[in-house]
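The values are calculated or read from the model by the stated rules, or taken from the named source; none is laboratory data. If you're wondering where the values come from, they're calculated on a predicted model, not measured in any experiment. Here the Cβ is made from the backbone with ideal geometry for all residues, glycine too, and neighbour counts use every protein chain on show.
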Amino acid sequence: MSTEIELGRGKRGRRAYSLDDIAVVPSRRTRDPEGVSVSWQIDAYHFDTPVIGAPMDSVVSPATAVQLGRLGGLGVLDLEGLWTRYDDPQPLLDEIAALDAGEATARMQELYAEPIRAELITARLAEIREAGVTVAGALTPQRTQEFWKTVVDAGVDLFVIRGTTVSAEHVSGNVEPLNLKRFIYELDVPVIVGGAATYTAALHLMRTGAAGVLVGFGGGAAMTTRTTLGIHAPMASAIADVAAARRDYMDESGGRYVHVIADGGLGYSGDLAKAVAVGADAVMLGTALARADEAPGHGWHWGAEAHHSLLPRGERVNVGTVAPMDEILFGPSHRADGTVNLVGALRRAMATTGYSDLKEFQRVEVVVSPYQGR
């Protein structure tokens, strides 16, 4: 059945759905939440929870990466952030949190104009490795060719190439673009790459040999991509499309499984359940973890788009602080708004619908049920 809508005589558009537009449906079976597994594995790395901290300075510092790792998740450090530009970025993080709204973007552009230092990349990743947790760092495609060897030599376990959108066929008349397929083939560590928001784009990224694909474009609370560029990909449809690419790539490759990681627009516990229900293996969280007491942003949240030197496509937003990180993930919750006990809520959603693990839960029935409010 076609989901295209005629916008006018000369243009048609496909109907797409956000996570707010869908709901998970209970089945004939229920389970105890304690008997549900939310663990997952990518390459050789096993995690007790499907939660990845987004590589954003307001979310992941070396300290919070270690804390998240000890809680069973994965923290990804932004290797182009303040932590790799300054010996001690804490005073600058404090300053960003205290800026007036009118001057925040301009001042952040100044702070992030400081050059990235290779020795700080090495030092920050070493700090995480010394704690004994899985080490992950992120670069944009534009910086990957410059710093990838530094990152690998520092002992990273998972290499993340993350941009607003990442394609396997970037065209440039000015510089030689990153050849993802050759780069991933020659690298000795698994690579997670994205974002992607369509079936075709994701399939091409999977063919490069990536271990995981990030799904999302312009959907985070701190992004204004839809306003500034007019581009947006509703997450429920995007995840389902990329999950379909994973299925078809498995057939094409003879059984190679590429993990689908929802990235963006996942601010509340119910969003985690719905992301897995439409095909995600794990979720990358920004806003949800920026609310932790320990978050470097002190209740403020921003991404790399907020300080782009030519065209900022994001902003610093106040998300507040609600609880320590362990309570945000595992409770107990003293709030009914879906901001605390994220993993506990995912377990309960799976138990209520009768599924015992994440792969099973991807088969749960969902309905289109637009709902205004939470």
Pairs where the first residue, in segment 120-141, is closer than 25 Å to K181 by Cβ and the second is basic (K, R), C-beta under 7 Å, 6+ apart: V135/R129; A138/R162; T140/R162
Looking at T84, is it hydroxyl-bearing (S, T, Y), over 21 Å from the mean Cα position of the chain (by Cα) and either at pLDDT below 95 or surrounded by 11 or more Cβ atoms within 10 Å (Cβ to Cβ) (or both)? no
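Let's see how each residue does on (1) closer than 23 Å to A273 by Cβ; (2) without any contact (Cβ under 8 Å) to a residue 60 or more places away in the chain; (3) of a type in the set (F, W, Y); (4) touching a Leu at 6+ places or on another chain (Cβ under 9 Å):
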{"residue": "L289", "(1), (2), (3), (4)": "yes, no, no, yes"}
{"residue": "P312", "(1), (2), (3), (4)": "no, no, no, no"}
{"residue": "V317", "(1), (2), (3), (4)": "no, no, no, no"}
{"residue": "V322", "(1), (2), (3), (4)": "yes, yes, no, no"}
{"residue": "H334", "(1), (2), (3), (4)": "yes, yes, no, no"}
{"residue": "T353", "(1), (2), (3), (4)": "yes, no, no, no"}
Members of segment 94-113 that are touching a helix residue (DSSP H, G or I) at 6+ places or on another chain (Cβ under 8 Å) and in a loop (DSSP other than H, G, I, E, B): L99, Y112
Qualifying residue in segment 80-87 (condition: farther than 22 Å from R143 by Cα and of a type in the set (S, T, N, Q)): no
For segment 156-187, name all the residues that are exposed (fewer than 14 other Cβ atoms within 10 Å of the Cβ) and either under 21 Å from E130 (Cβ atoms) or at pLDDT below 85 (or both). E169, V171, S172, G173, N174, V175, E176
Identify all residues within segment 8-29 that are touching an Asp or Glu at 6+ places or on another chain (Cβ under 8 Å) and of a type outside the set (A, V, I, L, M, F, W, C); write none if there are none. R12, G13, R14, R15, S27
Residue under question is A131, and the condition is that it be farther than 29 Å from V51 by Cβ and of a type in the set (G, A, S); does it hold? no
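Condition check ((1) more than 19 Å from A245 (Cα to Cα); (2) out of contact with any strand residue (DSSP E or B) (no Cβ under 7 Å at 6 or more places or on another chain)) across all residues:
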{"position": "I261", "(1), (2)": "no, no"}
{"position": "L266", "(1), (2)": "yes, no"}
{"position": "S269", "(1), (2)": "yes, yes"}
{"position": "A275", "(1), (2)": "no, no"}
{"position": "G279", "(1), (2)": "no, no"}
{"position": "A290", "(1), (2)": "yes, no"}
{"position": "A295", "(1), (2)": "yes, yes"}
{"position": "G303", "(1), (2)": "yes, no"}
Inside segment 195-299, counting only helices (runs of 4 or more DSSP H) that do not spill past its ends, which hold 2 or more residues that are surrounded by 24 or more Cβ atoms within 10 Å (Cβ to Cβ) and over 14 Å from the mean Cα position of the chain (by Cα)? 199-207, 235-253, 269-277
Considering every residue within segment 60-72, establish whether at least one is free of Cβ contacts under 8 Å to residues at least 40 places away in the same chain, surrounded by 11 or more Cβ atoms within 10 Å (Cβ to Cβ) and not in a loop (DSSP other than H, G, I, E, B). no
Being free of Cβ contacts under 8 Å to residues at least 12 places away in the same chain and acidic (D, E) is the requirement here; does D251 meet it? yes
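Here's the yes/no breakdown for (1) out of contact with any strand residue (DSSP E or B) (no Cβ under 8 Å at 6 or more places or on another chain); (2) acidic (D, E); (3) at pLDDT 95 or above:
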{"site": "A23", "(1), (2), (3)": "no, no, yes"}
{"site": "P33", "(1), (2), (3)": "yes, no, no"}
{"site": "A63", "(1), (2), (3)": "yes, no, yes"}
{"site": "L68", "(1), (2), (3)": "no, no, yes"}
{"site": "G73", "(1), (2), (3)": "no, no, yes"}
{"site": "E80", "(1), (2), (3)": "no, yes, yes"}
{"site": "L92", "(1), (2), (3)": "yes, no, yes"}
Kindly indicate whether any position in segment 338-352 is over 15 Å from L285 (Cβ atoms) and among the β-branched types (V, I, T). yes
Check every one of the helices (runs of 4 or more DSSP H) wholly within segment 318-366 and list those with 2 or more residues that are of a type in the set (G, A, S). 342-352
Considering only residues that are in contact with a helix residue (DSSP H, G or I) (Cβ under 8 Å, 6 or more places away or on another chain) and either of a type in the set (S, T, N, Q) or without any contact (Cβ under 8 Å) to a residue 40 or more places away in the chain (or both), which ones fall in segment 16-33? S18, T30
Checking G75 against (1) assigned to a helix (DSSP H, G or I); (2) under 20 Å from G267 (Cα atoms), which test does it fail? (1)
